[in-house]
Structure formats: structure tokens, C-alpha cells
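The values are calculated or read from the model by the stated rules, or taken from the named source; none is laboratory data. Every value quoted in this text rests on a predicted model; they were computed, and no experiment measured them. So basically every Cβ, Gly included, is an ideal-geometry build from the backbone, and we count neighbours across all protein chains shown.
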Amino acid sequence: MPPIKPSNDFTYADVGATREPGFCPPDFHALHVRTRIGEGHDVFERASEAVLTWEMHRAMGVGIDAAADRAAPDVDVTVTLAGMIKAPCRVVWTVEEPRRAGWAYGTLSGHPECGEESFVVDRTGDGTVWLTISAFSRAAKWYAKAGGPATRGLQHAYARRCGVVLRRLSGGAED
């Protein structure tokens with residue numbers, strides 16, 4: 001499926017670019033965190049469903065107000081952080097394949113950051129299930145700019161925590 005064409009609603013130009021491994025536009029910060037979730041088809045199925053239905057995010061304590069019960073292109077999602085920071089986003093792509101499932105959303109006006117983030121579960125040839133979170137972002141609001149490197153540190157910690165929570169939700173093995 002081709003990426004969504006940019007609209008005036010998105011706060012960045014490269015809409016859908018997280019489909020390309022390692023892509024990061026100039027002047028953005030890249031994030032790539034890969035976490036082993038477990039082994040086997042059942043773990044993959046449970047992990048995929050938890051990612052596609054917002055369950056992983058909700059289990060992290062993040063507020064999710066989504067226009068649909070499942071991630072799909074053009075679904076608007078507002079993420080609420082710390083009970084007060086509203087971060088409006090829109091799903092830009094999804095994937096549901098026998099060994100790969102996930103989605104990405106892009107930032108809309110009012111989001112404290114500018115960019116895109118993807119959440120993809122994949123099952124490798126040896127049966128290992130992984131969660132990969134990839135993003136490119138830069139600060140958009142004054143408080144995100146003021147946070148500087150600490151804001152990026154929080155993004156990395158959040159991505160690592162997603163893996164821990166998804167492992168628990170899917171019944172994956174503890175390392």
C-alpha cells in the first residue's frame with residue numbers, strides 16, 4: 001500500500017516514510033528500538049493484536065482516543081501523556097501479513113513533536129517474535145524544545161517499555 005499523500009494536517013513532509021528502514025529526514029532525530037518478545041506463532045498473533053488494537057499503548061498507561069477500534073490508514077488518534085499532554089496523530093500506514101503486523105502514525109497540528117513513529121511486530125524465520133519501534137521526530141512545542149536531550153531520552157525509554165509491556169501481554173518469554 002502506498003503511503004498517504006501529505007495533507008495540510010500533518011506537521012512534516014515525509015508522510016509514510018517510516019516504511020523505509022533507517023529513513024530519517026534532515027534536522028530530525030532518529031529512533032530505532034528492537035525488542036525480543038518471545039517465540040512462536042501464538043506469541044506473534046497475540047502481540048500483533050495488542051499492537052493493532054491499541055492494547056499495548058493502553059497497558060502502558062497512555063490515554064488513547066482513537067476513531068476506530070483498530071489501526072487503519074486515516075484513523076485519527078489522540079495520545080494523552082501524563083494525563084494532560086494531548087498529542088494528536090493520524091495513522092499513515094498499516095501492515096498485516098503472516099509474519100509482520102503493525103502501523104505508523106504521523107503528528108498533526110497541536111502535537112508537542114513533529115514526525116512519525118511506527119510499531120511493527122515481526123516473526124523471523126527461526127520463530128523469534130520482535131517488536132520494532134522506529135521514528136523520526138523533532139520538537140514542535142516550546143516545552144519539547146526546552147527538554148532537549150531529555151525529551152529524546154524519554155522517547156527511547158518509552159520505546160523500550162513498549163517491548164516489556166508487549167512481552168507480558170503476549171505471553172512471551174522473560175529474558
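Only one of Gly115, Gly106 is more than 14 Å from His29 (Cα to Cα), at pLDDT 90 or above, surrounded by 14 or more Cβ atoms within 10 Å (Cβ to Cβ) and under 16 Å from the mean Cα position of the chain (by Cα). Can you tell me which?
Details: Gly115 fails: more than 14 Å from His29 (Cα to Cα).
One residue alone meets the criteria, Gly106.
Output the number of the condition that Gly83 fails; it satisfies all remaining conditions of (1) small (Gly, Ala, Ser); (2) surrounded by fewer than 15 Cβ atoms within 10 Å (Cβ to Cβ); (3) under 25 Å from Pro26 (Cα atoms).
Unmet for Gly83, out of (1) small (Gly, Ala, Ser); (2) surrounded by fewer than 15 Cβ atoms within 10 Å (Cβ to Cβ); (3) under 25 Å from Pro26 (Cα atoms): (3).
Which of the residues that make up region 141-175 are in contact with a strand residue (DSSP E or B) (Cβ under 9 Å, 6 or more places away or on another chain), under 23 Å from Gly22 (Cβ atoms) and not polar (S, T, N, Q)?
Arg152, His156, Tyr158, Ala159, Arg160, Cys162, Gly163, Leu166
Can you tell me which residue among Val92, Val15, Val33, Val51 is in contact with a Gly (Cβ under 6 Å, 6 or more places away or on another chain) and under 17 Å from Trp130 (Cα atoms)? Before the answer, list the steps.
Details: Val92 fails: under 17 Å from Trp130 (Cα atoms); Val15 fails: under 17 Å from Trp130 (Cα atoms); Val33 fails: in contact with a Gly (Cβ under 6 Å, 6 or more places away or on another chain).
The conditions single out Val51.
Which of the residues that make up region 40-78 are in a strand (DSSP E or B) and surrounded by fewer than 19 Cβ atoms within 10 Å (Cβ to Cβ)? If you could, list the steps in order and put the result at the bottom.
In the first step, residues of region 40-78 are kept if they are in a strand (DSSP E or B); the result is 63-66, 76-78.
Of everything in region 40-78, those that are in a strand (DSSP E or B) and surrounded by fewer than 19 Cβ atoms within 10 Å (Cβ to Cβ) turn out to be Gly63, Ile64, Asp65, Asp76, Thr78.
Pick out the one residue from Ala135, Ala144, Ala101 that is touching a residue at least 40 places away in the same chain (Cβ under 8 Å), of a type in the set (Gly, Ala, Ser) and closer than 16 Å to Phe28 by Cβ.
Details: Ala144 fails: touching a residue at least 40 places away in the same chain (Cβ under 8 Å); Ala101 fails: closer than 16 Å to Phe28 by Cβ.
Matching residue, one of Ala135, Ala144, Ala101: Ala135.
What tally of residues in region 96-154 results from selecting those that are aromatic (Phe, Trp, Tyr), assigned to a strand (DSSP E or B) and farther than 30 Å from His41 by Cβ?
Step one: filter region 96-154 for residues aromatic (Phe, Trp, Tyr), giving 103, 105, 119, 130, 136, 142-143.
Retained after the next criterion (residues that are assigned to a strand (DSSP E or B)): 103, 105, 119, 130, 136.
Restricting the remaining residues to those that are farther than 30 Å from His41 by Cβ gives 136.
Final tally of qualifying residues: 1.
Among the residues of region 27-39, which ones are within 29 Å of Thr11 (Cα to Cα) and part of a strand (DSSP E or B)?
Start the filter on region 27-39 by keeping residues that are within 29 Å of Thr11 (Cα to Cα), which leaves 27-35.
Within region 27-39, His29, Ala30, Leu31, His32, Val33, Arg34, Thr35 qualify.
Mind checking whether some residue in region 13-20 is surrounded by fewer than 16 Cβ atoms within 10 Å (Cβ to Cβ), in contact with a strand residue (DSSP E or B) (Cβ under 6 Å, 6 or more places away or on another chain), part of a loop (DSSP other than H, G, I, E, B) and modelled with pLDDT under 95?
No, every residue in region 13-20 fails to be surrounded by fewer than 16 Cβ atoms within 10 Å (Cβ to Cβ), in contact with a strand residue (DSSP E or B) (Cβ under 6 Å, 6 or more places away or on another chain), part of a loop (DSSP other than H, G, I, E, B) and modelled with pLDDT under 95.
Check region 164-174 and report whether any residue there is within 17 Å of Ala71 (Cα to Cα) and either touching a residue at least 40 places away in the same chain (Cβ under 8 Å) or surrounded by 21 or more Cβ atoms within 10 Å (Cβ to Cβ) (or both). Before you say what the answer is, go through the steps one by one.
Our first condition is that a residue be within 17 Å of Ala71 (Cα to Cα); within region 164-174, this holds for 166.
Remaining after also requiring either touching a residue at least 40 places away in the same chain (Cβ under 8 Å) or surrounded by 21 or more Cβ atoms within 10 Å (Cβ to Cβ) (or both): 166.
Within region 164-174 (the criterion being within 17 Å of Ala71 (Cα to Cα) and either touching a residue at least 40 places away in the same chain (Cβ under 8 Å) or surrounded by 21 or more Cβ atoms within 10 Å (Cβ to Cβ) (or both)), the answer is yes, since at least one residue qualifies.
Listed here are the residues, each with its yes/no results for (1) closer than 15 Å to Glu117 by Cα; (2) modelled with pLDDT under 80.
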| residue | (1), (2) |
| --- | --- |
| Thr132 | yes, no |
| Ala135 | yes, no |
| Arg138 | yes, no |
| Trp142 | no, yes |
| Ala146 | no, no |
| Gly153 | no, no |
| Tyr158 | yes, no |
| Leu166 | no, no |
| Leu169 | no, no |
